[in-house]
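Notes follow the structure.
The values are calculated or read from the model by the stated rules, or taken from the named source; none is laboratory data. Note that this is a predicted model, so its numbers are computed, not measured. Cβ atoms come from the backbone with ideal geometry, glycine included; neighbour counts cover every protein chain shown.
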Amino acid sequence: MLPEIEALLALQRQDTLLFEARRRRDDLPRRKEALREAVNQAKTELDQAKKDLEQARLARRTSEKDVEGLTTDAIKLERQLHDVKTNKEYQALLHEIEGIKSKRSDYETRILESFEREETLTAAVKAAEKRVTVEEARLKDGEEKLAREGAEVDQSLHSLQQDREAIKVRVPPALLSRYDRLLGVRDGVAVAEIKKGACGACFKGLTPHALQEARRGGEIKMCDACGRILVLAETSMT
């Protein structure tokens, strides 16, 4: 293998490490935002649970007032029973009283159901409060870990960049310029190994003649399909 190709292969491996380190660094804000979003979501669910509970309590209080009003109405009508003159009027009042009592019974049933719903909603509020506490603790812990990870990645990037500079000087300027152009337009992969008779990046097969030239290693080969610089992998030597 030509010395400049060996240097390019080493440079590609270094750039792959740099690419991954930069990806990790660039992903830190998203991961932090995900932690914050989890807290916001938990708080939103807590607010909704509290609203649902308050609405249930309001509905129960309204039903309790309705029961009080119906009870008052029934008492008034029962007092009027002593003043009616005819049996028809008496029966009409009894019918009206029974209707009020039936309606009151329905409201009382709603009140009992409301108490049960309030118990469920109260439990939901407590669970939501607990989740907020958990997510806030997770956010605090996560931010601390991400800060440490960010510092480690920055240190790694600095070291990797220094190593890259040391490798770069081993590559002829013209070849390095071609490599850098390919690196920018080929998703960070400018050098590809030949594997099983094909480009290891785009998987385009090489002609027997091109493969034979690559085996001789006397010149730099380019992939006819993607333009990447080709390096013969050890597994393709046999």
Would it be correct to say that E136 is touching a residue at least 12 places away in the same chain (Cβ under 8 Å) and touching a strand residue (DSSP E or B) at 6+ places or on another chain (Cβ under 6 Å)?
no
Any residue at all in the range 63-74 that's in a helix (DSSP H, G or I), in contact with a Phe, Trp or Tyr (Cβ under 6 Å, 6 or more places away or on another chain), of a type in the set (G, A, S) and closer than 28 Å to V125 by Cβ?
yes
Take the conditions modelled with pLDDT of 95 or more, out of contact with any helix residue (DSSP H, G or I) (no Cβ under 7 Å at 6 or more places or on another chain) and assigned to a helix (DSSP H, G or I) and apply them to E54. Does it pass?
yes
